[in-house]
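The values are calculated or read from the model by the stated rules, or taken from the named source; none is laboratory data. Predicted model only: the values in this text are computed from it and were never measured. No Cβ is skipped: glycine too gets one built from the backbone with ideal geometry, and neighbour counts run over all protein chains shown.
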């Protein structure tokens, strides 16, 4: 029995041979029968007739044989396919348009699905990623310093939490270009992140080569080791297969490469979107970082079976015993309410959920519009083919057979569209994955994977059924008689179809309308974000990281004396740097800060007006910037009062500049006369600071959020954490970069070839997610508009063709060209208006859903809605004008003679 | 054609073909068809063409085998013969058929008996 299916399949493929064999067999049968009949004494003609009659029909015998031996359904499918290719080939124009529309719709969908899948649906690229949690306090004003923990707190949390297999973390304040690799010539800048030794074990990352860190690598006095990322290993070390064990001069220390990470691990993609990390180094928790305050972020791997709620309870129970610094008992308990685990996945991409869903809906609408368009095209075609179908029905084709023929056609179309669309999606995804500057997590891991292929198949089939089944049922359900009688365009069935097609066009316009409104609102939001006063002028300002070695003058700056030595040594150097760069012709202002807005930040507690009682709930501290004289002017931050000078030295009064909002806050508590902060004294941790100026509020964490509070310390009095030189100049960036780098090299031959970055690029980077979504949604809206225009054109153009005779008669009876044109155009605009009305109502209802994605824009923004309506009417007008023009050119004589 | 001829029940043709081959040895399609017609006394309504559908079915199941040969009057024809599996199948089908005819026989010859009367008065509708 089991033989049979296999033989049937085989029979399907060797059909020709089997058919020939059957032919011979039947021929032999007839010959044998004739012979016997002749023997019985019949005439040759009679003998043949009887033989054939007894066989019961040659063709029937063959059909039965084929049916018994092969796969009838597959045969039919092949027939349908053959027929489909023939009909589609004959109508190449239609086929090309249909496939292109589908390719655009499916391509957009697959690409966006890949993005959604990567960022939202797929687990993070770690084993058992659902066990990973990010442990942080709820967001506050004081930036990274309030989102991280001290090493003492980390130890306490790790030792006393019961929910975790292990807890790890990384140093949150590594800045880009913090690693300087010397390979003989000019040092090469790179970026490395310090991680706690168990980092890779907790994440479940295994090395591609060599080994990863062990606790011994992070001990005091351990020899320096480094792990390379796959990308850096390829780029900088030419994928040297024997790299493990080699040592290089990094930051002046011989550092041994102990391993290479797999290509699948991208630190930046997960933890700091848009940043490029080249290498990972071990963080020595028991060295100097011990006293640096809040420096590490926490990542935990939950024990199997532990729920998030249990982990939260556990964390809340441990928090009171965690100390900022174990040597200061009063700092214990400062983390109460500030230890909250959330799934790592939520931390990485949770806030993008809404934007991604919006994007997904947008492409869904595109696909719907494409389907509606296709339905329309097929319906128009089917109307023209209704006689063909009626004839087939009259010849005995069942309804199911005709529907299946039509479905085969739509499947072939959508299959071709899906193939082409997959190509488009592949290109788009490739392009997106290489947009390193977009601050979206996991973007670099984007690719067309199995899930995306499955999704392609799913939407291709769904689309085929959507746009194919409806016209199929309509046509095959039609009345045979009517179709055969329907002597030409302009009567019966076709008129009914036209109503259906009008409804389809209205749907299409309504969908395009919703897309346009969405894109319009996002565009206006984006423009509003660009208009935000950031508190500094990014245009024409450039930043470059200046290298400087402190080690010559004193350790890590951990003693007051050493700190003073560092500060003094630096001051001399900075004065030289600023003096030399300011002297470059075309340079307007220069200054140095350790951190820059929209980059990294930290806080040093909350300074408070001297002599004023601290409130019970002390606000989170302002972000700290340690700057040189001239920095604020170079950044273009307006200042009231005076700037720092080189005379504000270690031995003079400690001075600070604070931001306007922070000054306002302090003034309300201190009741300063006239609310004027300049000249007042505040104290921080027992140190008195005189406010010498009030600077404009700077957006230091995001362009869209509130500007936070800032406090500026003079570099001449406080220890800076880094050196970012800001140059404001009218020179072209490339020329300026060369001159500045040359100048820096003259002062310090070890200056790395650091990147010369426009300050605008920080702003662009901060705005990049919004720009990303805005651009994509706008592109999809444009696509939707284009498809809708195509739909309108198709319907109007078809109806003009159909009414050629009617129009001819009316013109013969005296209708003017203008009148005919107006009528056709009027019909078009009526359709568009109906679509816009439906779309506007739907948009008003749906806009609330995207309200949270908007910035300073109402979801019911009148200008956007009006703009959308005008754009759609204009497009409808143009799409209707071409057929209208054609209608008005109809020659009555020709039209009446036709048919 | 006469209306008095018997229509073949589904599946009976395959059994007839198997039995014919078992009884006659190797035979071509026409021979099998004629044989069945003769044995039935021309009582069955047999489209000879349907034999070939039956033959391909049986062959695909491995119950009969075929090869091209030459007939008694020197004609090239495809000859079929029953296989061992075919004989097993034939025995099985024949048993089944006998049981079925036995049952049909009893059902069709039954009289109105007491059980039936009881059944009628058994339960209220």
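Structure data summary
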| quantity | calculated |
| --- | --- |
| Some residue of the stretch A:758-772 being assigned to a loop (DSSP other than H, G, I, E, B), touching a strand residue (DSSP E or B) at 6+ places or on another chain (Cβ under 7 Å) and surrounded by fewer than 20 Cβ atoms within 10 Å (Cβ to Cβ) | no |
| Filter pass, residue A:597 being part of a loop (DSSP other than H, G, I, E, B) and more than 15 Å from residue A:684 (Cβ to Cβ) | yes |
| Number of positions in the stretch A:185-209 that are touching a strand residue (DSSP E or B) at 6+ places or on another chain (Cβ under 9 Å) and outside any strand (DSSP E or B) | 13 |
| Selection status of residue A:97, more than 14 Å from chain B (Cβ to nearest Cβ), in contact (Cβ under 8 Å) with a residue 60 or more places away in the chain and either touching a helix residue (DSSP H, G or I) at 6+ places or on another chain (Cβ under 6 Å) or not in a helix (DSSP H, G or I) (or both) | no |
| Subset of the stretch B:29-46 (residues that are out of contact with any helix residue (DSSP H, G or I) (no Cβ under 7 Å at 6 or more places or on another chain) and either within 19 Å of residue A:21 (Cα to Cα) or facing another protein chain (nearest Cβ under 10 Å) (or both)) | B:31, B:34, B:37, B:45 |
| Top-ranked residue of the stretch B:79-88 - restricted to ones that are within 14 Å of chain A (Cβ to nearest Cβ) and either over 30 Å from residue A:27 (Cα atoms) or in contact with a strand residue (DSSP E or B) (Cβ under 7 Å, 6 or more places away or on another chain) (or both), ranked as surrounded by the most Cβ atoms within 10 Å (Cβ to Cβ) | B:80 |
| Residue in the stretch A:142-160 that is nearest to residue A:203 (Cα to Cα), counting only those that are surrounded by fewer than 22 Cβ atoms within 10 Å (Cβ to Cβ) and either without any contact (Cβ under 8 Å) to a residue 40 or more places away in the chain or in contact with a helix residue (DSSP H, G or I) (Cβ under 8 Å, 6 or more places away or on another chain) (or both) | A:158 |
| Residues within the stretch A:53-71 that are at the interface with another protein chain (Cβ under 7 Å from one of its Cβ atoms) and over 60 Å from the mean Cα position of the chain (by Cα), tallied | 6 |
| Residues satisfying the stated conditions in the stretch B:47-78, i.e. within 8 Å of chain A (Cβ to nearest Cβ) and in a loop (DSSP other than H, G, I, E, B) | B:47, B:48, B:49, B:61, B:62, B:71, B:73, B:75 |
| Among (1) within 24 Å of residue A:823 (Cβ to Cβ); (2) assigned to a loop (DSSP other than H, G, I, E, B) - the single one residue A:859 does not satisfy | (1) |
| Qualifying residue in the stretch A:9-24 (condition: more than 8 Å from chain B (Cβ to nearest Cβ), under 18 Å from residue B:51 (Cα atoms) and over 60 Å from the mean Cα position of the chain (by Cα)) | yes |
| Tally, over the stretch B:43-63, of residues that are touching a residue at least 24 places away in the same chain (Cβ under 8 Å) and farther than 14 Å from residue A:7 by Cα | 7 |
| All positions within the stretch A:256-311 that are within 27 Å of residue A:245 (Cα to Cα) and part of a strand (DSSP E or B) | A:256, A:257, A:258, A:259, A:260, A:279, A:280, A:281, A:282 |
| Of all residues in the stretch A:617-632 being touching a helix residue (DSSP H, G or I) at 6+ places or on another chain (Cβ under 9 Å) and at pLDDT below 85, the one that is nearest to residue A:570 (Cα to Cα) | A:621 |
| Test set (1) under 30 Å from residue A:235 (Cβ atoms); (2) in a strand (DSSP E or B); (3) modelled with pLDDT of 90 or more - residue A:117 fails condition number | (2) |
| Residue within the stretch A:115-137 that is touching a residue at least 40 places away in the same chain (Cβ under 8 Å), surrounded by fewer than 23 Cβ atoms within 10 Å (Cβ to Cβ) and within 30 Å of residue A:659 (Cα to Cα) present | yes |
| Tabulated pairs, the stretch B:94-119, first surrounded by 10 or more Cβ atoms within 10 Å (Cβ to Cβ), second at pLDDT 65 or above and not in a helix (DSSP H, G or I), C-beta under 9 angstrom, 6+ apart or interchain | B:116/B:110 |
| Residue B:26 being modelled with pLDDT under 85 and either farther than 18 Å from residue A:69 by Cβ or away from every other protein chain (no Cβ under 13 Å) (or both) | no |
| Filter result for the condition that a residue is outside any loop (DSSP other than H, G, I, E, B), away from chain B (no Cβ under 13 Å) and touching a residue at least 12 places away in the same chain (Cβ under 8 Å), over A:76, A:30, A:34, A:50 | A:76 |
| Flag for residue A:472 being outside any helix (DSSP H, G or I), modelled with pLDDT under 90 and touching a helix residue (DSSP H, G or I) at 6+ places or on another chain (Cβ under 7 Å) | no |
| All positions within the stretch A:838-856 that are touching a residue at least 12 places away in the same chain (Cβ under 8 Å) and under 28 Å from residue A:877 (Cβ atoms) | A:838, A:839, A:840, A:842, A:843, A:844, A:846, A:847 |
| Candidate set: the stretch A:37-47, residues that are in a helix (DSSP H, G or I) and surrounded by 15 or more Cβ atoms within 10 Å (Cβ to Cβ); chosen: the one farthest from the other protein chains (Cβ to nearest Cβ) | A:47 |
| Options A:395, A:422, A:406: the member that is farther than 30 Å from residue A:344 by Cα, over 26 Å from the mean Cα position of the chain (by Cα) and crowded, with 18+ Cβ neighbours inside 10 Å | A:406 |
